[in-house]
Structures are given as C-alpha cells and as structure tokens.
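The values are calculated or read from the model by the stated rules, or taken from the named source; none is laboratory data. The model shown is predicted, which means the values in this text are computed figures rather than measured ones. Note that each Cβ is placed from the backbone with ideal geometry, even for glycine, and that neighbours are counted across all protein chains shown. Quick note on the areas: whole protein, heavy atoms, side chains included, nothing else; ligands and nucleic acids left out. Shrake-Rupley method; radii C 1.70, N 1.55, O 1.52, S 1.80 Å.
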Amino acid sequence: MKAAAVEAAKAPKAVQSGAAKRRLNFNEKHALETLPKTIAKLQAEIAKQQRHSTIPTFTRRIAKKFD
C-alpha cells in the first residue's frame, strides 16, 4: 500500500487528476471498504501459521534436553 502511495505521489499531475475523476463502481467500493478487515484477517492467519511453524522446533529443543 505504501509503494502504491509513493508511486501515486510521483505520477504526473495530469495522470493523477484523470484518476481522481474516475468513480469507483459498487464492487470496487465494497472491496475498498472491506480491505482493512480482510488485511486484519490475513495478518491473524499469518500469525497463527507462524506460531504453528515454531512448535516443532520448540519440541525438538525440549526433546534434546531430555535426551
């Protein structure tokens, strides 16, 4: 998202004004409005996957201590 904002800032003013005049259709508006919630869900899923991926490493370390 930050990269898109930087590119938009670097774009010529003629391109920016043309893009600003275009209206979003219903599907685009809906996608834009639900984007923060979608991002939050994906971040939660990434965190969950990262937690699950570290469990085998943790259990292997404990097993080595017991050996």
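The table for this structure:
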read-out	value
³J(HN,Hα) computed for each position of the stretch 47-54 - Karplus, 6.51 cos²θ - 1.76 cosθ + 1.60, integer Hz, glycine/proline x	4, 4, 5, 5, 5, 5, 6, 8
Radius 15 Å from Cβ of ALA44, net charge of other residues (Lys, Arg +1; Asp, Glu -1)	+3
Exposure of LYS29 as accessible area (Å², to 10), given a probe of 1.4 Å and all protein chains	90
